[in-house]
Amino acid sequence: MAEVKKDIRSLDKEALRAFFEQNGDRAFRGDQVYQWLWQKGVHSFTAMTNLSLPTRQLLETHFTINHIAIDRQQRSTDGTIKNAVRLHDGLVVESVMIPTLERTTACVSSQVGCSLDCTFCATALLKRMRNLNPDEIFDQVKAIDKQSRLYYQRPLSNIVFMGMGEPLMNYNNVIKAIEKITTPEGLGMSAKRITVSTSGVPKMIRKLADENCNVKLALSLHSARQEVREQIMPFAKNFPLSEIEEALHYWYQQKGKNTTLEYIVWKGINDTQKDIDALIAFCKRVPSKVNLIQYNTIGDPNFKQADRTVIAAYQSQLEAARITVTIRHSRGQDIDAACGQLANRSTQQNNV
Ligand code: SAH
């Protein structure tokens, strides 16, 4: 059987430098290759035009460059684009480009399927197949940057890890991808423009707080009452709110930054005064702001967006308690690209 070539993007810069030294070349060649891979984002050795032909052939004999392909692009009437992203092994994830007047945001996936089991999210219905590699996360970002330049004549400005998967359950690869996205020899984007959104894994929030990396943190809270949260996010039994709260304190202590609490209000689930009071009490204890998210239906009759009056009550009472609150309106609903709707419906891949 032919030897399986290694994906060159699994090597970090030091390993690339070492490879060239071991092959009688200069370590600096590794820096050049790193830039081709992570700044220019090329997908072939032929494209590395400042390398000599023998050098390119050497790389060719040892390595491949695994990369994504955009199988399908769907464009919403509001300008949002959903990409069906085919991975080198045929699995498919989705990523979304969300343009506003001044910005372009990339919503990227971190896993094929998801490790968690939120009952209101379409991705949770898929089987979790595997974690994405750093290069697969990077490629989604790079592809959306290109789309932004093509359609809006401007580079990508923000990234949110709010696509498929739980980023903190694929921690190492997410951190490695962020490194490539932020280093000046990669895309050179500021980490401040990246938001990692988690359902709440306390140990990993602490780990992220210890990281030398300035990303923003968002927590999908949805209820500040443990018993309610367990109903809609069953995994929450293992990660009690008390522990999440401590982790968010640690985050604030280490980073000096508050956490955005993502919150959907559903009819009959978290639409009582008791729910509002619990959220306000939580916000008073934890340095945070609230983002009320519009619910995007996934066809389950148990989940219906709460009445406007209830959402207005949440907003006014949070404001009265001097807690910053914003409302996130959905984008790309007509193409199933909105939060919680990513389920490979256009391709029906990986559905088990
Ligand atoms: N696993 C991570 C990131 C992916 S989900 C997390 O949970 O944060 C991104 C956001 O979309 C989360 O806040 C999630 O709770 C929310 N979401 C999930 N399903 C949704 C739906 N049907 N409508 C609106 N938001 C949804």
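The values are calculated or read from the model by the stated rules, or taken from the named source; none is laboratory data. What you see is a predicted model; the values in this text were computed from it and never measured. So basically every Cβ, Gly included, is an ideal-geometry build from the backbone, and we count neighbours across all protein chains shown. These area figures cover heavy atoms from the full protein model, side chains too; ligands, DNA and RNA do not enter into them. Shrake-Rupley method; radii C 1.70, N 1.55, O 1.52, S 1.80 Å.
Here is how the numbers come out for the structure above:
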{"read-out": "Single residue of F28, F45 found to be of a type in the set (F, W, Y) and open to solvent by less than 20 Å² (accessible area, probe 1.4 Å)", "value": "F45"}
{"read-out": "Failed item in (1) away from the ligand (no atom under 12 Å from the Cβ); (2) assigned to a helix (DSSP H, G or I), with G268 passing the rest", "value": "(2)"}
{"read-out": "Flag if N133 is surrounded by fewer than 16 Cβ atoms within 10 Å (Cβ to Cβ) and not aromatic (F, W, Y)", "value": "no"}
{"read-out": "Those residues of the stretch 181-207 which are in a loop (DSSP other than H, G, I, E, B) and more than 25 Å from S115 (Cα to Cα), in sequence order", "value": "T183, P184, E185, G186, L187, G188, M189, S190"}
{"read-out": "Tally, over the stretch 111-154, of residues that are within 13 Å of the ligand (Cβ to nearest atom), touching a residue at least 60 places away in the same chain (Cβ under 8 Å) and part of a helix (DSSP H, G or I)", "value": "3"}
{"read-out": "Scan of the stretch 161-202 for residues that are farther than 19 Å from A236 by Cβ, among the hydrophobic types (A, V, I, L, M, F, W, C), within 16 Å of the ligand (Cβ to nearest atom) and surrounded by fewer than 20 Cβ atoms within 10 Å (Cβ to Cβ), ordered by number", "value": "I175"}
{"read-out": "Output for the stretch 208-244, where each listed residue is closer than 15 Å to V174 by Cβ and in a strand (DSSP E or B)", "value": "K216, L217, A218"}
{"read-out": "Boolean, E262 is away from the ligand (no atom under 16 Å from the Cβ) and either under 20 Å from V201 (Cβ atoms) or among the aliphatic types (A, V, I, L, M) (or both)", "value": "no"}
{"read-out": "Considering residues of the stretch 280-336 that are β-branched (V, I, T) and surrounded by fewer than 14 Cβ atoms within 10 Å (Cβ to Cβ) only, the residue farthest from the ligand (Cβ to nearest atom)", "value": "T309"}
{"read-out": "Selection count, the stretch 254-272, where residues are surrounded by fewer than 17 Cβ atoms within 10 Å (Cβ to Cβ) and either more than 15 Å from N214 (Cα to Cα) or free of Cβ contacts under 8 Å to residues at least 40 places away in the same chain (or both)", "value": "4"}
